[in-house]
Ligand SMILES: [Zn+2]
C-alpha cells in the first residue's frame with residue numbers, strides 16, 4: 001500500500017524538499033514494513049488504482065466453455081492462450097500469431113455489435129484465445145475494464161458475442177489524519193490517493209484556504225467508498241462524508257445523491273467565492289517555511305494576500321463575475337480585476353500571462369491568467385485582493401453571502417442520510433482513537 005502511494009506521490013509532489021522527505025520516509029517505511037511483494041499484493045488496499053483507458057484482466061468463469069463436471073476430461077475441451085497486443089498490432093496480426101486464418105479473423109470481428117470493440121485493441125491489452133482440437137477458433141476473452149470482459153464464442157449456430165459484467169459492491173472505508181508538516185503529506189500518510197486528496201481539498205475549497213491557512217494540528221476525517229467485484233478491490237468511489245478542523249474551526253460535508261456536498265444542516269458547500277484562487281498543490285505550502293508565516297501579519301499594510309508559486313501556475317477566478325480590467329502597468333504588471341455582482345471585487349496582480357479581456361464573463365474556477373513576477377514583484381507570486389464595497393477586506397474574516405440551502409423537497413431524505421454519515425464519521429473517530 002505504501003509503496004504504491006509513495007511511488008505515485010513522488011511523481012507529483014511540487015517541491016524537491018517534499019520529495020526528499022517523502023522519499024526518505026516512504027522508502028524507509030516500505031523497507032521496514034513490507035516483508036515481500038507477495039504479502040503486500042494480497043491486501044486489497046495495495047490494488048493499483050484504476051486508470052482510464054486502461055484494460056485490466058478479469059477472472060471470469062466460463063462454465064459454458066470449460067465444463068467443470070466430474071466427468072473425465074473431454075477431448076474437445078479448448079485450450080486458452082494469452083496474447084499481448086503489441087505496437088502496430090491489428091486483430092488480424094494477433095490471430096495470425098495464434099495460428100488462425102484471415103477468414104476466422106473476419107468472422108470473429110463480425111460476431112455482433114460487441115465484437116467491434118476488437119477493432120480498438122491497444123498495445124498491452126491481453127486477448128485470450130481458445131482453439132479446439134482441430135486448431136480452429138473456439139472462443140475469445142478480451143478484458144475491457146476491471147468490470148467488463150468481451151466474450152466471443154463459436155457455437156453450432158455461428159459466432160456469438162457477449163459482454164460479461166461483474167457486479168460492483170460499494171464498501172465504506174475511512175481515513176483520518178493530523179497535519180504536522182503539510183496537508184499533502186498528512187493525507188498521503190493517512191492512506192488517501194492523489195485523487196482523494198484533491199477531492200477533499202475541493203470539497204472544502206470554499207471554506208478553507210489550503211494554500212496558506214493550513215496549520216499544524218489541523219485534522220481531517222474522511223469516509224469514502226471502495227468498489228469491489230466478486231470480493232476483489234477494483235477502485236475507489238466517492239468521498240461520502242468528510243470533516244476538517246482548520247485553526248480550530250470545524251467544517252463538515254456530506255455528499256448527497258445529487259453529487260453535491262452539503263453541511264449537515266443542509267447548506268451547500270459551494271459558495272460565491274473560492275477561498276484561494278490558486279490550487280494548493282501548486283503552492284510551496286509547508287507552513288514551517290519562513291515565507292509562510294507572515295502572511296496574516298503583513299496583511300494590513302499590504303491589503304492583499306500573496307501566493308508564492310512557480311511561474312505559469314494557473315490562477316482561477318474566485319467567483320463568477322465580469323472582467324472590469326485586464327492590462328499592464330509597471331507596478332502591478334499584468335493584472336486582472338473582476339467585479340462580482342454589486343458589492344464584491346477581486347484583483348489579481350503580477351501575471352506572466354493574462355487570459356481574459358475587459359468585458360469577459362468569467363465562471364468561478366475559470367483560469368484567468370498565470371502566475372508571474374511582472375511589475376513590482378521580487379519573485380513569481382500571485383498578489384490577490386478582495387474588496388467589499390470598494391474597501392480592501394481580509395477574505396478570511398469578511399462576512400460573505402450565505403450558501404444556498406438544499407431544496408425543500410429533498411430535505412427530509414437528506415437529513416436521514418446526513419444522520420447516517422455523521423455516525424460513520426464518529427465511528428471512524430472512535431476506531432482511530434482506540435487504535436492510537
Ligand atoms: Zn503582494
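What the table below lists for this structure:
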read-out	value
Residue match in the range 122-142 (condition: under 29 Å from the mean Cα position of the chain (by Cα), surrounded by fewer than 19 Cβ atoms within 10 Å (Cβ to Cβ) and part of a strand (DSSP E or B))	yes
Selection count where residues are within 16 Å of the ligand (Cβ to nearest atom) and assigned to a loop (DSSP other than H, G, I, E, B), scope the range 385-424	4
Positions within the range 344-384 being free of Cβ contacts under 8 Å to residues at least 60 places away in the same chain, more than 16 Å from the ligand (Cβ to nearest atom) and either not in a strand (DSSP E or B) or not assigned by TED's automatic domain parsing to the domain that holds residue 316 (or both), in sequence order	355, 356, 357, 358, 359, 360, 363, 366
Among the residues listed as 245, 315, 240, 323, the single one being modelled with pLDDT of 95 or more and within 19 Å of residue 392 (Cβ to Cβ)	315
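Okay, residues lined up against (1) in a strand (DSSP E or B); (2) touching a helix residue (DSSP H, G or I) at 6+ places or on another chain (Cβ under 7 Å); (3) more than 23 Å from residue 364 (Cβ to Cβ):
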site: 160; (1), (2), (3): yes, no, yes
site: 171; (1), (2), (3): yes, no, yes
site: 221; (1), (2), (3): yes, yes, yes
site: 238; (1), (2), (3): yes, no, no
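The values are calculated or read from the model by the stated rules, or taken from the named source; none is laboratory data. For clarity, every value in this text was computed on a predicted model and none was experimentally measured. We place every Cβ from the backbone using ideal geometry, glycine too, and count neighbours over all the protein chains shown.
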